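Single-structure report; data block below.
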Amino acid sequence: MTKTAHRTTAPVGETPDEGPKRLTRRRILLMTVASFAILGLVALLLGGDIFNPAATTRPEPTLTPTQIIPLVILVVMFIVATKWPLNIGVMGLVASFGVGYFMLGMTDKEILKDFPASIVLTIIGVTYFFSMAQRNGTIDIIVQTCARLVRGKTMLLPWVFFLLAAALTALGTFSPAAVALLAPAAIGFAYESRIHPVLMGAFIINGAHAGGFSPLSVAGVLVHDIALESGFPISQGALFAASFALNLILSVLTIVLFALLGKLRDGEGGQHADLDTARTIRPRGQQILTLVLIAVMLVCTLGFHLPIGFVALSAGLLLALVNIKEHQTFIGGVSWSTVLLVAGMITYVSLLQHVGVIDTLAEQALALGAPLLVALVLCYVIGIGSAFASSTALLTAFIPLAGPLLATSSLSASGTVAALAIAATVVDVSPFSTDGALVVANARANDRQRVYRQLMAYAGGVVLVAPALAWVLLVPTGII
């Protein structure tokens, strides 16, 4: 659906005059977010002089022209993508070539060194398999089963998927894999029950991060080991509890936000139908095979830790062999636009990391001097960076940077590290991250652009609120 179509179609129950008002409010919100971002950047660049005048007597790290130019190009890309319906991932790949080849003298192999091949494979494999599951009616069976479990109380389903995602990641599943397994059924249910797909997607992602720092999880072990090697051991149990509590609070705030905006129920275009929870659908033929393959995928990913992308492609190939005539239709179900979006943006942001933009901004944050202020700025820098780049990569870089801060202050090591870890992961609702991209990829084809735009707006709010929330609850209080 084109951008024009979205502007001319009013949601059910909305008068023609309310449409322009809603657009005006969205523009005001966008301008407010942009203003906060600009003010934050100015504070980051000049904060050393404002909050720590003594620091002016010693040289401070500054952005070089080689770092400023790629950063300006990134801003221009966002402006262009906001004004015109162009894929920002394509712009990211072109910008990566232009900056890397002509400005930095890099070869094509060096430019593509951090190309997110595993993420691309995950998106392709999952959307390939579940496009078949959607077409042969298996997703409908899962949706109806979920509806019966809550006995018609459809607004309980986001919480069901929240807890299920938390359980999967707490047992060791990497959060993108948990989102990849749950998103197709959850988003399908959202459409059928007229729950807003962005709300459902946010709950799946929050749930995945709620359990993502358990002592058994990859991220939990990673953060604990990095902190231990940096000389400030932290409590794994406290990290897990803090992550679960913050994501639970964020989910409650999300429900409140959507309720205030009148978006809990999504009836746009009159294309959704109410669920008939009394109706029973029995799986047959390909549906039984698909359900078996989903179970096998769970066993392979949870029990044997096999990559979800390869497993999903293998399962999809088996389904294609059963229904060879429709194979081309299944290939068309792959969300290629999402692949381009994620691949292009991650490649370009990796280039920014290569030239030292992220590191310089982090060093400028440390130069502010006041420990509480430094911790807050670090939470925002890692949060904003993680919205576009690898959360794991930024965690490995930022947690050691917190060492000098913790060594020269009375801040709680567990609380500070937990705040950084949470700030780095909760922003993965961004459509530029794997989790957010999977939500967009599983949206209906004619609704994908709308979901992308609204998920982007929601992610902007999370980037503004979540780092501060993590900081307020964990750093000054010293609660853990």
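The values are calculated or read from the model by the stated rules, or taken from the named source; none is laboratory data. Source: prediction; values computed, not measured. Cβ atoms come from the backbone with ideal geometry, glycine included; neighbour counts cover every protein chain shown. Ligands, DNA and RNA are excluded from the accessible area calculation, which covers all protein heavy atoms including side chains. Shrake-Rupley method; radii C 1.70, N 1.55, O 1.52, S 1.80 Å.
Report whether or not THR416 is crowded, with 22+ Cβ neighbours inside 10 Å, more than 19 Å from the chain's Cα centre (by Cα), assigned to a helix (DSSP H, G or I) and modelled with pLDDT of 85 or more.
Values: crowded, with 22+ Cβ neighbours inside 10 Å: yes; more than 19 Å from the chain's Cα centre (by Cα): yes; assigned to a helix (DSSP H, G or I): yes; modelled with pLDDT of 85 or more: yes.
So THR416 fits the description; yes.
Looking at the range 233-253 only, could you name the residues that are surrounded by fewer than 21 Cβ atoms within 10 Å (Cβ to Cβ) and more than 20 Å from ALA413 (Cα to Cα)?
Hits for the range 233-253 are LEU248, ILE249, SER251, VAL252, LEU253.
Any idea which of (1) open to solvent by less than 30 Å² (accessible area, probe 1.4 Å); (2) at pLDDT below 80; (3) more than 26 Å from PHE129 (Cβ to Cβ) is the one SER230 doesn't satisfy?
Tallying (1) open to solvent by less than 30 Å² (accessible area, probe 1.4 Å); (2) at pLDDT below 80; (3) more than 26 Å from PHE129 (Cβ to Cβ), SER230 fails exactly one: (1).
Any chance you could count how many residues in the range 449-465 are open to solvent by 10 Å² or more (accessible area, probe 1.4 Å) and either within 16 Å of the chain's Cα centre (by Cα) or of a type in the set (Val, Ile, Thr) (or both)?
As a first pass, look at the range 449-465 and keep what is open to solvent by 10 Å² or more (accessible area, probe 1.4 Å): 449, 452-454, 456-458, 460-461, 463-465.
Those still in the list that are either within 16 Å of the chain's Cα centre (by Cα) or of a type in the set (Val, Ile, Thr) (or both) too: 452-454, 456-458, 460-461, 463-465.
Here the count works out to 11.
Please note which helices (runs of 4 or more DSSP H) are completely contained in the range 284-337 and include at least 1 residues that are closer than 22 Å to ASP435 by Cβ. Steps first, answer last, please.
Details: elements: 286-298, 308-322, 327-332.
Counting at least 1 such residues, we get 286-298, 308-322.
Do we have any residue at all in the range 152-167 that's in contact with a Cys (Cβ under 9 Å, 6 or more places away or on another chain), among the aliphatic types (A, V, I, L, M) and either over 26 Å from PHE330 (Cα atoms) or open to solvent by 10 Å² or more (accessible area, probe 1.4 Å) (or both)?
Yes, the range 152-167 contains at least one residue that is in contact with a Cys (Cβ under 9 Å, 6 or more places away or on another chain), among the aliphatic types (A, V, I, L, M) and either over 26 Å from PHE330 (Cα atoms) or open to solvent by 10 Å² or more (accessible area, probe 1.4 Å) (or both).
When you go through LEU298, LEU313 one by one, which is the residue that is surrounded by 13 or more Cβ atoms within 10 Å (Cβ to Cβ), closer than 22 Å to SER175 by Cβ and at pLDDT below 85? Please lay out each step first, then the result.
Working: LEU313 fails: at pLDDT below 85.
Residue meeting the stated conditions: LEU298.
Report every pair of residues separated by at least 6 positions or lying on different chains whose Cβ atoms are under 7 Å apart, first residue within the range 455-480 and in contact (Cβ under 8 Å) with a residue 40 or more places away in the chain and under 22 Å from LEU406 (Cβ atoms), second buried (at least 20 other Cβ atoms within 10 Å of the Cβ) and among the hydroxyl-bearing types (Ser, Thr, Tyr).
PRO467/TYR380; VAL475/THR416; GLY478/SER412; ILE480/SER412; ILE480/SER414
What is the one condition in (1) under 30 Å from GLN134 (Cβ atoms); (2) open to solvent by 10 Å² or more (accessible area, probe 1.4 Å) that ASN206 does not satisfy?
Of (1) under 30 Å from GLN134 (Cβ atoms); (2) open to solvent by 10 Å² or more (accessible area, probe 1.4 Å), only one is false for ASN206: (2).
Tell me the residue from VAL90, VAL99 that is modelled with pLDDT of 80 or more and open to solvent by 60 Å² or more (accessible area, probe 1.4 Å), please.
Working: VAL99 fails: open to solvent by 60 Å² or more (accessible area, probe 1.4 Å).
That would be VAL90, the only listed residue that is modelled with pLDDT of 80 or more and open to solvent by 60 Å² or more (accessible area, probe 1.4 Å).
Just give me the residues in the range 353-371 being assigned to a helix (DSSP H, G or I) and at pLDDT below 85, in sequence order.
Looking only at the range 353-371, we keep the residues that are assigned to a helix (DSSP H, G or I), and these are 353-354, 357-366, 371.
GLN353, VAL357, ILE358, ASP359, THR360, LEU361, ALA362, GLU363, GLN364, ALA365, LEU366, PRO371 - these are the residues of the range 353-371 that are assigned to a helix (DSSP H, G or I) and at pLDDT below 85.
Test THR347 against the criterion of being farther than 19 Å from ALA208 by Cβ, modelled with pLDDT of 80 or more and open to solvent by less than 60 Å² (accessible area, probe 1.4 Å), and give yes or no. So that I can check it myself, show each step before the final result.
Details: farther than 19 Å from ALA208 by Cβ: yes; modelled with pLDDT of 80 or more: yes; open to solvent by less than 60 Å² (accessible area, probe 1.4 Å): yes.
Taking the combined requirement at face value, the residue satisfies it.
Does SER251 count as small (Gly, Ala, Ser) and modelled with pLDDT of 80 or more? Break it down stepwise before answering.
Numbers: small (Gly, Ala, Ser): yes; modelled with pLDDT of 80 or more: yes.
Taking the combined requirement at face value, the residue satisfies it.
Filter the range 424-448 for residues that are open to solvent by less than 30 Å² (accessible area, probe 1.4 Å) and among the hydrophobic types (A, V, I, L, M, F, W, C) and give the result.
ALA424, VAL426, VAL427, VAL429, PHE432, ALA437, LEU438, VAL439, VAL440, ALA441, ALA443
Exactly one of these conditions fails for VAL126: (1) open to solvent by 40 Å² or more (accessible area, probe 1.4 Å); (2) more than 13 Å from GLY188 (Cβ to Cβ). Give me its number.
(1)
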